[in-house]
Amino acid sequence: MRARRLVSPQPYRMHLEEFELDDHPPAGHVLVEAAVTAISAGTEIANYRGVTSYRTASHGNPYYPGYSFAGTVLAVGEGVSSPRQGDRVCGQVRHASHAIVPSDRLVPIPDGVTFAQAAMTTLGCIVLNAVRLAHIQLGESIAVVGAGLIGQLATQLSRLDGGRPVVALDLIARRRDLALTHGADAAVDPRASDAETRLRSLAHDGFTVVFEATGSPAAVNPALKLAARGGRVILLGSTRGVVEQFDPYQDVHLKGLTILGAHMSTTPTYPNLANPWTESANRRLVLDLIARRELKVDSLISHHVSPMAAGDVYAGLESSPEDYLGVVLDWRRNGA
């Protein structure tokens, strides 16, 4: 069968291409048809720009982006009992109209959750893993540096996990306003003349947990300075590049900070007594939170576009990220 997928043949280029796909999935796999896929602005744009180790190691090979899929099962291979043909599912699948995927990488979408909402669950899993690593206790103060898509999810999930207060920091006013509508106790512009005073009034001795959610090396040092003695700083934004003027003695050693990397690959492949929270288990919880309206994602989607417009969207996300938040590609749309 003929299918379509996004491809970046070289940095700063992204387009839609056709490819041939077998419509008979092998044993243990399923054939899925995409309804929507969501763009991960951090990882995908870094690869689009060609600044990741993955892209460097590819030796000029094309990059096929995406890992946030929601759609329908068209056919199942031998030995697959779940999901079944016709089921709505979501999981880590590249940006493509159709794909063949191991059945255990997909989770059913419950009634009451839309395809667009379900496509946001991979990003939700990334953030939920970071929140779990932070071991937030009820009443601990939380600062989230960066109120983009990842930061918005971190603000909500930290609040659900017991953070009090939860404070979002961002340069963009509409992102600060959105964080407030999603339960943040305060939203602060770090450039404002009264920013330090406001932050001290919210957490006089610093924040117990600080999430760095921008992915910018320039935000790491400010995140460290926000943390209280003995606090935890979670590097959530997949920071790439060198952190200039890093002072480990003053900002880490003397304060007794713990710095944690929160890549989703640190989730266990199989549940165990120490940690039962696999990616699939986290995804099911995120779906349940969305279904219960406890995790709000609709307002985090700023753009619904056709895959035919992907080239312009990736260019816009790279050059003017402040104009975007969550971007969903609707594979049911043919026009730009």
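Filter region 237-260 down to the residues that are under 18 Å from Ala218 (Cβ atoms), within 20 Å of the chain's Cα centre (by Cα) and of a type outside the set (Lys, Arg), then identify the one that is surrounded by the fewest Cβ atoms within 10 Å (Cβ to Cβ). Talk me through it step by step, then tell me what you get.
First, the residues of region 237-260 that are under 18 Å from Ala218 (Cβ atoms): 237-248, 250-252, 259.
Retained after the next criterion (residues that are within 20 Å of the chain's Cα centre (by Cα)): 237-241, 259.
Filter again for of a type outside the set (Lys, Arg), leaving 237-239, 241, 259.
Details: Gly237: 25, Ser238: 20, Thr239: 20, Gly241: 12, Ile259: 18.
So the residue we want is Gly241.
Screening Glu322 with (1) more than 18 Å from Val127 (Cβ to Cβ); (2) modelled with pLDDT of 95 or more; (3) touching a helix residue (DSSP H, G or I) at 6+ places or on another chain (Cβ under 9 Å) gives one miss only, at (2). You will find that of Val131, Val80, the residue that is in a helix (DSSP H, G or I), touching a residue at least 24 places away in the same chain (Cβ under 8 Å) and farther than 15 Å from Arg5 by Cβ is Val131 and no other.
Report yes if some residue within region 270-284 is more than 20 Å from Asp170 (Cα to Cα), in contact with a strand residue (DSSP E or B) (Cβ under 8 Å, 6 or more places away or on another chain) and free of Cβ contacts under 8 Å to residues at least 40 places away in the same chain; otherwise report no. No, the conditions are met nowhere in region 270-284. Of all the listed residues (Leu180, Leu153, Leu171), the sole one being at pLDDT 95 or above and surrounded by 17 or more Cβ atoms within 10 Å (Cβ to Cβ) is Leu153. Reported count of residues in region 39-66, each being touching a His at 6+ places or on another chain (Cβ under 9 Å) and closer than 21 Å to Thr239 by Cβ, is 3.
Tell me yes or no: at least one residue of region 160-178 is under 13 Å from the mean Cα position of the chain (by Cα), outside the structural domain of Glu318 (by TED's automatic domain parsing) and closer than 17 Å to Val209 by Cβ. No: region 160-178 contains no residue that is under 13 Å from the mean Cα position of the chain (by Cα), outside the structural domain of Glu318 (by TED's automatic domain parsing) and closer than 17 Å to Val209 by Cβ. Just to be sure before I move on: is Asn47 modelled with pLDDT under 95, in a loop (DSSP other than H, G, I, E, B) and of a type in the set (S, T, N, Q) in the structure I sent? Against the criterion (modelled with pLDDT under 95, in a loop (DSSP other than H, G, I, E, B) and of a type in the set (S, T, N, Q)), Asn47 does not qualify. Scanning region 93-113 for residues that are touching a helix residue (DSSP H, G or I) at 6+ places or on another chain (Cβ under 6 Å) and part of a loop (DSSP other than H, G, I, E, B), we see that the one that is surrounded by the fewest Cβ atoms within 10 Å (Cβ to Cβ) is Gly112. Ala116 fulfils the conditions (1) part of a helix (DSSP H, G or I); (2) not assigned by TED's automatic domain parsing to the domain that holds Pro11 except for a single criterion, (2).
Figure legend. Inter-residue proximity from region 51-65: first residues within 16 Å of Val7 (Cβ to Cβ), second residues hydroxyl-bearing (Ser, Thr, Tyr) and not in a loop (DSSP other than H, G, I, E, B), beta-carbon distance below 7 Å, spacing 6+ or different chains. Indicated pairs: Arg55/Tyr63; Pro62/Ser8; Tyr63/Ser8; Pro65/Ser8.
Of the residues Val305, Val286, Val297, Val242, which single one is β-branched (Val, Ile, Thr) and modelled with pLDDT under 95? Reasoning before the result, please.
Values: Val305 fails: modelled with pLDDT under 95; Val286 fails: modelled with pLDDT under 95; Val297 fails: modelled with pLDDT under 95.
Testing whether each residue is β-branched (Val, Ile, Thr) and modelled with pLDDT under 95 leaves just Val242.
Take the conditions (1) out of contact with any Lys or Arg (no Cβ under 9 Å at 6 or more places or on another chain); (2) of a type outside the set (Lys, Arg); (3) within 23 Å of Ser238 (Cβ to Cβ); (4) buried (at least 18 other Cβ atoms within 10 Å of the Cβ); Val36 misses just one of them, which is (1).
Looking at region 1-44 only, could you name the residues that are small (Gly, Ala, Ser) and assigned to a helix (DSSP H, G or I)?
Taking region 1-44 and keeping what is small (Gly, Ala, Ser), we get 3, 8, 27-28, 34-35, 38, 40-42.
Result: Ala41, Gly42.
The values are calculated or read from the model by the stated rules, or taken from the named source; none is laboratory data. For clarity, every value in this text was computed on a predicted model and none was experimentally measured. Positions of Cβ are backbone-derived with ideal geometry, glycine not excepted, and every protein chain shown enters the neighbour counts.
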